[in-house]
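Q: Right, I'll just put the structure down here and ask away after.
The values are calculated or read from the model by the stated rules, or taken from the named source; none is laboratory data. Note that the coordinates shown come from a computational prediction; the quantities given were computed from them, not determined experimentally. When we count neighbours, we look across all protein chains shown, and the Cβ atoms used for this are built from the backbone with ideal geometry, even at glycine.
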Amino acid sequence: MKILSIIGARPQFIKAAIVSSALIEQGIDEVLVNTGQHYDYNMSGQFLDNLNMKLPDYNLNVGSGTHGKMTAAVLVGCENIILKENPDYVIVYGDTNSTLAGALAAAKLKVPVAHIEAGIRMHPKTMPEEINRVIVDRISTKLFCPTKLSIDNLKLENIKEGVILAGDVMYDIFIKMQKEFDFEIKKQIKIKDKYILATLHRDYNVDDPAKLEKIFIQLNEIANSYSVVFPLHPRTMKMIKQYSLEKYLDKLVITEPLSYSSLMGLLLDCEFIITDSGGLQKESYFAEKRAIVVMPDTGWQELIDNNINLLADENNICDKVNGILTPATFTKYIYGKGNAAQIIASALKNA
Ligand code: UD1
């Protein structure tokens, strides 16, 4: 059996690392395609190195651009490769433009699509990732859901066939890599006291100058009580420069985008998290930390319902700090038992 997996943006390298190992265990041949949506070493290549992944068989090098340009370039590139490789299945991950374009290329060539992280839904419906998710689920043959809620979401859209509750592959890799988390990073970035970990990159938070400034004013306020470690996503850096907001970085501990093991090392020792990252808000739960999630809605509603994470907006992040400092009960196994990749690989093997 031959499977073609399409990755390209930072979180997809992490998810693919664990699924690739499970495919190998099942004796499945995998052709790995890197679209190049993310191209800075610290957004892409460092994950291949850090997670000991095999090198991609194809690199499309599409780079950045408008949604249409990027999606079109991945679509054309993946179509060529699928025609050449003739795989039995195409795997796509999550909700990025690479996910949408890869799934579309496969479905049009009548190659079945396996969507890992299917059934996640959230508002605003206009956010690019939501558009990508809805379309990819509609054209996928196997829909590997991370949670029960994601299955319910699909039912509401009348998608029932091929739906499998697998658990979340990010939990698998968190468990697998735990021994290799990098706790030296704290020394390298010279953190001694209590700190929080903050990340921001969503278009609706960082592309609007007024909103971005309000968020920074609050992070600066919090920096009076804690060190605020802020690994800077390239999109956010671009917007800070464009809107001349650099002065707000002075009170924060700025780092480049970090490797998986360094970010997880920082996560394990922090007081709490402020983020708009879909991945980090779950990883914080894996590490039994609480997160203020700067989003109007989240695909990981279980963490809100269990009073582990709190949603916030650009006006009330500081108001949420007291709430997030109270201890939470970390209900176990919300995202499966750490065997999602095995469930996925064996379901594909038997497909
Ligand atoms: C993308 C995904 C998002 C995911 C995120 C993880 C879409 C629509 N969104 O958002 O779901 O959570 O990746 O990081 O696919 N840039 C660089 N170097 C890079 C990559 C990007 O400088 O290696 C800059 C470019 O200016 C680019 C901007 O960041 O225009 C945004 O990149 P893009 O891939 O469009 O979206 P992300 O915000 O990274």
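Q: Give the residues of region 1-35 that are β-branched (Val, Ile, Thr) and within 16 Å of the ligand (Cβ to nearest atom), sorted by residue number.
A: Correct list: ILE6, ILE7, ILE14, VAL33, THR35.
Q: What are the residue pairs meeting all of these: first residue in region 229-242, first residue within 10 Å of the ligand (Cβ to nearest atom), second residue part of a strand (DSSP E or B), Cβ atoms under 8 Å, and 6 or more apart or on different chains?
A: The qualifying pairs are HIS233/THR199.
Q: Need pairs with beta-carbon distance below 9 Å; first residue among the polar types (S, T, N, Q) and within region 57-69, second part of a strand (DSSP E or B); sequence gap 6+ or separate chains.
A: ASN59/VAL33; ASN59/ASN34; ASN61/ASN34
Q: Which of the following residues is surrounded by fewer than 17 Cβ atoms within 10 Å (Cβ to Cβ) and within 16 Å of the ligand (Cβ to nearest atom): HIS67, HIS38?
A: HIS67
Q: For region 70-83, enumerate the residues that are within 11 Å of the ligand (Cβ to nearest atom) and either touching a residue at least 40 places away in the same chain (Cβ under 8 Å) or not in a helix (DSSP H, G or I) (or both).
A: So in region 70-83, the residues within 11 Å of the ligand (Cβ to nearest atom) come out as 70-71, 74.
Of everything in region 70-83, just one residue is within 11 Å of the ligand (Cβ to nearest atom) and either touching a residue at least 40 places away in the same chain (Cβ under 8 Å) or not in a helix (DSSP H, G or I) (or both), namely VAL74.
Q: Okay, moving on. Only one of (1) part of a helix (DSSP H, G or I); (2) of a type outside the set (Val, Ile, Thr); (3) modelled with pLDDT under 95 fails for LYS54. Which number is that?
A: Of (1) part of a helix (DSSP H, G or I); (2) of a type outside the set (Val, Ile, Thr); (3) modelled with pLDDT under 95, only one is false for LYS54: (1).
Q: Anything in region 285-325 that is among the polar types (S, T, N, Q), touching a residue at least 40 places away in the same chain (Cβ under 8 Å) and farther than 20 Å from ASP203 by Cβ? List them, or say none. Steps first, please.
A: So in region 285-325, the residues among the polar types (S, T, N, Q) come out as 298, 301, 306-307, 309, 315-316, 322.
If we keep only those that are touching a residue at least 40 places away in the same chain (Cβ under 8 Å) as well, we get 298, 301, 315.
The one that is among the polar types (S, T, N, Q), touching a residue at least 40 places away in the same chain (Cβ under 8 Å) and farther than 20 Å from ASP203 by Cβ: GLN301.
Q: Assuming VAL19 fulfils every condition listed in (1) touching a helix residue (DSSP H, G or I) at 6+ places or on another chain (Cβ under 7 Å); (2) farther than 19 Å from PRO257 by Cβ; (3) touching a residue at least 40 places away in the same chain (Cβ under 8 Å); (4) assigned to a loop (DSSP other than H, G, I, E, B) apart from one, which condition is it?
A: Against the list (1) touching a helix residue (DSSP H, G or I) at 6+ places or on another chain (Cβ under 7 Å); (2) farther than 19 Å from PRO257 by Cβ; (3) touching a residue at least 40 places away in the same chain (Cβ under 8 Å); (4) assigned to a loop (DSSP other than H, G, I, E, B), VAL19 comes up short only on (4).
Q: If you check ALA106 against the conditions, is it away from the ligand (no atom under 16 Å from the Cβ), touching a residue at least 24 places away in the same chain (Cβ under 8 Å) and among the small types (Gly, Ala, Ser)? Show your work before the answer.
A: Details: away from the ligand (no atom under 16 Å from the Cβ): yes; touching a residue at least 24 places away in the same chain (Cβ under 8 Å): yes; among the small types (Gly, Ala, Ser): yes.
Yes, satisfied.
Q: To continue, here is another question. Of all residues in region 132-157, how many are within 14 Å of the ligand (Cβ to nearest atom) and either without any contact (Cβ under 8 Å) to a residue 12 or more places away in the chain or within 25 Å of ALA22 (Cα to Cα) (or both)? Quick ask: steps written out before the conclusion?
A: First, pick out the residues of region 132-157 that are within 14 Å of the ligand (Cβ to nearest atom): 132-136.
With the extra rule that they be either without any contact (Cβ under 8 Å) to a residue 12 or more places away in the chain or within 25 Å of ALA22 (Cα to Cα) (or both), the set shrinks to 133, 136.
Final tally of qualifying residues: 2.
Q: Failed condition for PHE216, given (1) in a helix (DSSP H, G or I); (2) over 17 Å from the mean Cα position of the chain (by Cα); (3) without any contact (Cβ under 8 Å) to a residue 24 or more places away in the chain, with all others met?
A: For PHE216, the failing item is (3).
Q: Test each condition in (1) surrounded by 19 or more Cβ atoms within 10 Å (Cβ to Cβ); (2) assigned to a helix (DSSP H, G or I); (3) not hydroxyl-bearing (Ser, Thr, Tyr) for LYS187 and report the one that comes out false.
A: Result: LYS187 fails condition (1) only.
Q: Take region 191-213 and flag every residue that is without any contact (Cβ under 8 Å) to a residue 60 or more places away in the chain and part of a loop (DSSP other than H, G, I, E, B).
A: LYS192, ASP193, ASP207, ASP208
Q: While we're looking at this one, here's another question. Can you name the number of the only condition in (1) in contact with a Leu (Cβ under 7 Å, 6 or more places away or on another chain); (2) more than 16 Å from the ligand (Cβ to nearest atom); (3) among the aliphatic types (A, V, I, L, M); (4) assigned to a helix (DSSP H, G or I) that LEU48 fails?
A: The one condition LEU48 does not meet is (2).
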